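Chemist: I have a structure I would like to understand better, so I am pasting it below and will then ask my questions one at a time.
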Amino acid sequence: MIRLIPPTRLEDVEHSSERDLLRALLRLPSPWVAMHSLPWLRPDRGRVGAPLREGEADFVLLHPDRGLLVVEVKGGALRVEGREWHRGADRIVDPIRQAARSRWALLDAVADRAGWPEVRHELAHGDVVVTPHHRWRGALPPHADPRMLVDADGLEELEARLTAALDAWGPARPVPAGRWQPLLDALAPSLRLVRCDAAAIDAEAARLVQLTEAQHAALLGLLAASSALVEGGAGSGKTLLAVTFAERLRAEGARCLLVCFNRSLAEWLQERIGAGGPGRVDVHSFHGLAMGLARRAGVEVEVPEGPAAEAFWRDEAARVLEQAVEVLQGEPGEPIYDALVVDEAQDMEVAWLDALDTLCPSGRRYLFADLAQRLRTGAPPLARAPLALRLETNCRNTRRIAAPAAALSSLPLRPLALAPEGEPPVHARAARPDQLAAVITAEVTRTLGGGLRPSQVVVLGPARLARGPLAGAPGVCGAPLTDDPRRWRAGDGLLVSTPRAFKGLEAEAAVLYCPPTWSASFTPADLYVGWTRARHRLTVITTPGEVRGVVEALVMGAPVPLPEQRA
């Protein structure tokens, strides 16, 4: 079905002639795009400093494989005498010249706004006059061609007539790579009079709390248990509750190990924990812990390259850790802990937890997990501790972001009672994968234009920076691109990462781009994780394919067509 920008209802179209044409346009298939009643404003005769003149195109039609077509619609009691047009007793502007004038004005606007000075030569374009209430009989004016005119009979074969109209102006050719989305943005820009996003986000953040009162009440009781599992969805406060556990244990004088799967999350936790208290908290990713202990113990470790590396980290890292512990146990200040706190427990292998047990002989173990965020294959080892608490409240995201995310999780998850409504997620579409870079850049530019800083925005997708659509790009809006979360948090660039590398972290706004189909590198769990990283503003970019169907359903609140292997 044709895409209307903005969405337009038949009953909202004032003139019956335009309404009848819109009814026919609605039968056109995707990827046709239609813009109704598109105004323009250009200097008279294109001279700099000349007075502005205004106009309006009744419809602008676009097709990624065909180009741009400006449509002028005329209804009422029409007649043509020579080159003069009349409606009843009144003389009216020649619609053929009117359409041409709109076309050139809009092309000039695209050249300026999209930074595309060669648009007149690189984009196929033309114009056409449609008279839905008349049939043409007799000779046409000298400046008209039958293919430039569509009468009432032509509405029955509208796509063929529109294609013929474009062919009349030149050979068909696709919109150049990377130009489709900027073309749409230039004609229908996102600029609108709204409140500053940065100010709105500050107001929303004041109403979002990190831990609910019920979670605080359960805290002391859980610490009294020697082993516990806390399960909850994204944004339910698991990581912050894990931090609170570790800090409380330190305050009791305990030596606590806080460990997670994600290296970037471990770095953030190290910054968050700080120092203080009679005890101590050591923070590591599991693999960082294993390699650090191996270096300290003098254990030689050879990490293979290529596909064998993944098997090493999965199967051998635990043995490396255990071997290092055996060597170090005799040292003063041996690495033995009184308590173990594990975040992202759903991503831990059974052997990894067995290895961690050698560091914590007391057996005090607290696991925090979200099964929907499990991005590794195999069953999670969550039977090691009894389920003590299930967190069912989303404390991170606004309601508009949290509600669709619940459809991607197997756990019950509801927004916080006082959570702000927020803005609905934006669904941006790229016609082809090779247009992703342009669409990502445009959406990041729009997001930063709301007053946000680069350190508040993250770009997520199935590929890291060096291998993704933005590889080699100098930056966006003057901000350099980085794949280092520490540089990003310090304000030294815009972070480009993957949902897996960013899992456990969050940003005020996220721009998430998706591949067309599910794969091992981008599963429904990746979509869930990426979606829930945005606290206040979310943009999801798709290309044609099954993932787009899921995103459209999420945005519309419709049933989500996920594959059977949903996380």
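The values are calculated or read from the model by the stated rules, or taken from the named source; none is laboratory data. This one's a predicted model, so the numbers in the text were calculated from it and none came from an experiment. For neighbour counting, all protein chains shown are included, and Cβ atoms are generated from backbone atoms with ideal geometry for every residue, glycine included. Surface accessibility is based on the protein's heavy atoms, side chains included, excluding ligands, DNA and RNA. Shrake-Rupley method; radii C 1.70, N 1.55, O 1.52, S 1.80 Å.
Chemist: Can you name the residue in the stretch 430-463 that is touching a Ser or Thr at 6+ places or on another chain (Cβ under 6 Å) and open to solvent by 30 Å² or more (accessible area, probe 1.4 Å) and is also nearest to residue 548 (Cα to Cα) among such residues?
Modeler: 433
Chemist: Hey, any hits in the stretch 73-91 for a residue that's modelled with pLDDT of 90 or more, in contact with a strand residue (DSSP E or B) (Cβ under 9 Å, 6 or more places away or on another chain) and under 30 Å from residue 441 (Cα atoms)?
Modeler: no
Chemist: Select from the stretch 464-486 the residues that are closer than 18 Å to residue 265 by Cα and surrounded by fewer than 15 Cβ atoms within 10 Å (Cβ to Cβ) and list them in ascending order.
Modeler: 464, 486
Chemist: If you don't mind, there's one more thing I want to ask. Residue 221 versus (1) modelled with pLDDT of 90 or more; (2) open to solvent by 40 Å² or more (accessible area, probe 1.4 Å): which is the lone unmet condition?
Modeler: Unmet for residue 221, out of (1) modelled with pLDDT of 90 or more; (2) open to solvent by 40 Å² or more (accessible area, probe 1.4 Å): (1).
Chemist: Okay, moving on. Would you call residue 165 surrounded by 20 or more Cβ atoms within 10 Å (Cβ to Cβ), touching a helix residue (DSSP H, G or I) at 6+ places or on another chain (Cβ under 9 Å) and assigned to a helix (DSSP H, G or I)?
Modeler: yes
Chemist: In the stretch 144-162, how many residues are part of a loop (DSSP other than H, G, I, E, B) and either buried (at least 16 other Cβ atoms within 10 Å of the Cβ) or in contact with a Lys or Arg (Cβ under 8 Å, 6 or more places away or on another chain) (or both)? Spell out how you get there, then give the answer.
Modeler: Applying the first criterion (part of a loop (DSSP other than H, G, I, E, B)) to the stretch 144-162 yields 144-145, 151.
With the extra rule that they be either buried (at least 16 other Cβ atoms within 10 Å of the Cβ) or in contact with a Lys or Arg (Cβ under 8 Å, 6 or more places away or on another chain) (or both), the set shrinks to 144, 151.
Here the count works out to 2.
Chemist: Let me ask something else about it. Tally the residues that are crowded, with 20+ Cβ neighbours inside 10 Å and more than 17 Å from residue 227 (Cβ to Cβ), restricting the search to the stretch 248-259.
Modeler: Residues flagged as crowded, with 20+ Cβ neighbours inside 10 Å and more than 17 Å from residue 227 (Cβ to Cβ) within the stretch 248-259 amount to 1.
Chemist: Find the residue count for the stretch 494-548, including only residues that are assigned to a helix (DSSP H, G or I), basic (Lys, Arg) and open to solvent by less than 10 Å² (accessible area, probe 1.4 Å). First the steps, then the outcome.
Modeler: The first filter runs over the stretch 494-548 and keeps only residues assigned to a helix (DSSP H, G or I), leaving 499-502, 524-531, 546-548.
Narrowing further to those that are basic (Lys, Arg): 500, 548.
When the remaining residues are screened for being open to solvent by less than 10 Å² (accessible area, probe 1.4 Å), the result is none.
Residues meeting the conditions: 0.
Chemist: Among helices (runs of 4 or more DSSP H) lying entirely in the stretch 374-493, which contain 1 or more residues that are over 26 Å from residue 559 (Cα atoms) and modelled with pLDDT of 85 or more?
Modeler: Ranges flagged: 436-448, 485-489.
Chemist: Which one of these is of a type in the set (A, V, I, L, M) and in contact with a Leu (Cβ under 9 Å, 6 or more places away or on another chain): 452, 448?
Modeler: Result of the check over 452, 448: 448.
Chemist: OK, next. Hey, does the stretch 53-64 have a residue that's out of contact with any Pro (no Cβ under 6 Å at 6 or more places or on another chain), open to solvent by 30 Å² or more (accessible area, probe 1.4 Å) and either of a type in the set (Gly, Ala, Ser) or not in a strand (DSSP E or B) (or both)?
Modeler: no
Chemist: Could you check, for the stretch 271-284, whether at least one of its residues is buried (at least 18 other Cβ atoms within 10 Å of the Cβ) and touching a residue at least 60 places away in the same chain (Cβ under 8 Å)?
Modeler: no
Chemist: Then there is this: Any residue that is of a type in the set (Val, Ile, Thr), in contact (Cβ under 8 Å) with a residue 24 or more places away in the chain and either over 19 Å from residue 527 (Cα atoms) or touching a Lys or Arg at 6+ places or on another chain (Cβ under 8 Å) (or both) - is there at least one of those in the stretch 456-463?
Modeler: Looking through the stretch 456-463, at least one residue is of a type in the set (Val, Ile, Thr), in contact (Cβ under 8 Å) with a residue 24 or more places away in the chain and either over 19 Å from residue 527 (Cα atoms) or touching a Lys or Arg at 6+ places or on another chain (Cβ under 8 Å) (or both).
Chemist: Considering only residues that are of a type outside the set (A, V, I, L, M), surrounded by 15 or more Cβ atoms within 10 Å (Cβ to Cβ) and outside any loop (DSSP other than H, G, I, E, B), which ones fall in the stretch 114-143?
Modeler: 125, 126, 127
Chemist: Restricting to the stretch 13-66, name every residue that is modelled with pLDDT of 90 or more and among the basic types (Lys, Arg).
Modeler: Residues satisfying the conditions are 19, 23, 27, 66.
Chemist: Are there any pairs with C-beta distances below 7 angstrom linking a residue in the stretch 115-141 that is without any contact (Cβ under 8 Å) to a residue 12 or more places away in the chain to a residue that is open to solvent by 70 Å² or more (accessible area, probe 1.4 Å), with the two at least 6 apart or on different chains, and if so which?
Modeler: 140/146
Chemist: Is one or more of the residues making up the stretch 91-103 open to solvent by less than 30 Å² (accessible area, probe 1.4 Å), closer than 22 Å to residue 37 by Cβ and in contact with a Pro (Cβ under 9 Å, 6 or more places away or on another chain)?
Modeler: Yes; the residues of the stretch 91-103 include at least one that is open to solvent by less than 30 Å² (accessible area, probe 1.4 Å), closer than 22 Å to residue 37 by Cβ and in contact with a Pro (Cβ under 9 Å, 6 or more places away or on another chain).
Chemist: Given the residues 119, 130, 150, 175, which is the only one that is touching a helix residue (DSSP H, G or I) at 6+ places or on another chain (Cβ under 8 Å), modelled with pLDDT of 90 or more and closer than 14 Å to residue 66 by Cβ?
Modeler: Every option except 175 fails the conditions.
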